[in-house]
Amino acid sequence: MPEERADLSRPIRVVLFCGGPTLDRAVVRFVSRLESQAEIEFVGGFCQTNGQSLTAVIRDRLRRRGLLGPALLLAEALQATARVFAHPRAEMALRSSRAGIADRIHAVPDLHAEPVLERVQALDADLGLIYGSPILKPRLFQIPRLGTLGIHHGKMPQYRGKKTTFWAMYNGDETAGVTIQLVNSGVDTGQIIQRGEVPIGRKSMGTVRRELEELGFDLYVQAILDLKRGSARLVAESGPKGKLYKDPKLGDFVRFWWRWLRRRYVATS
């Protein structure tokens, strides 16, 4: 449990750490959730990226995903177009929210650069929050007086690393999980403050991800409020530690879709 807690007579001041060549829609939705809470004050954020542009997005996908990069870019473009036609008001509201917070989330090449550390220190935040950032070092995540929380879309300690929702479905699990942790120097090894699961069944990956995202928002906000109110219960991981998962390769995707199609359609015929 953190040795200090925020002053209960005022909102808890939070600073966000994220990453990537775009301000991800999940990050925008998460910040909107924070700003809807009277007990939470969003004081700013820092996003590690070498640039935020269409060119930067293309370079990022090709660098990280190799041969899968073009397919992922096409899928993302189609999904974005479909969302606009299916939910135009929601997408306009999201764009408005993004514009409203863009000037408070600063794009920086290195979250651990000395000028960035000084800017984080100057914000005088009570709590740091991670949403999609690279691995943080103690010199950054220990600046907020209560430490830093991180969200991990996976059950802990069974699913550590990357794309754990994919791997849970790939492995045929009945549920997929999301965990809110107090960050430490390990990789997905911090004390757990909130966690939950959603059933998988015959749902598509997109559906499971959306449900986990919504559940994650709820748990994250509750964890922040619990720390502010002094009612948080942090517990250490228990059970056998799983392997550190990595990004799936093309063959993994092919095997996954074949298994999913068989479960969804063959099993019900």
Quiz prompt | Nearest 10 degrees, 0 to 90: helix 114-123 Cα axis against the chain principal axis | solution = 70 degrees
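Just how large is the dipole of the range 149-269 about the Cα centre, in debye to the nearest 20, putting +1 at every Lys and Arg Cβ and -1 at every Asp and Glu Cβ? Display every interim value, and only then the final one.
Details: 21 positive and 12 negative charges, 95 e Å.
It comes to approximately 460 debye.
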Quiz item: Helix 25-35: angle to the longest alpha-carbon principal axis of the chain, degrees 0 to 90, nearest 10?
Solution: 40 degrees
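Using +1 on the beta carbon of Lys and Arg, -1 on that of Asp and Glu, and nothing else charged, what's the dipole of the chain about the Cα centre, debye to 20? Working shown, then result.
On the way: 41 positive and 28 negative charges, 254 e Å.
The calculation lands at about 1220 debye.
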Exercise. Take the chain, compute every pairwise Cα distance, and split them into 10 Å bins from 0; I just need the percent in each bin.
Key: 6, 27, 36, 23, 6, 1, 0
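Among DSSP beta bridges lying fully in the range 149-269, give the percent that are antiparallel, nearest 5. Mind dumping the intermediate values first?
Values: 13 of 15 bridges.
In the range 149-269, DSSP labels about 85 percent of beta bridges as antiparallel.
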Quiz item: Using Cα atoms only, what is the angle between the long axis of helix 54-65 and the major principal axis of the chain, expressed in degrees (0 to 90) to the nearest 10?
Solution: 70 degrees
Self-check item: Rounded to the nearest 20 debye, dipole of the range 10-146 from Cβ charges on Lys, Arg, Asp, Glu
Solution: 400 debye
Self-check item: Selection from S9, M169, I135 lying farthest towards where the dipole of the chain points positive, charges on Cβ
Solution: M169
Exercise. Could you grab the relative contact order for the chain? Cα pairs under 8 Å, six or more apart, rounded to a whole percent.
Key: 20 percent
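Which whole-number value in Å³ per residue fits the convex hull of the alpha carbons of the range 10-146?
On the way: hull volume 14.7 nm³, N = 137.
It comes to 107 Å³ per residue, whole-number rounded.
Just so you know, all these numbers are worked out from the coordinates, no wet-lab data involved. Quick caveat, the model's predicted, so the values are computed rather than measured. Counting neighbours? That spans all protein chains shown, and the Cβs are built from the backbone with ideal geometry, glycine included.
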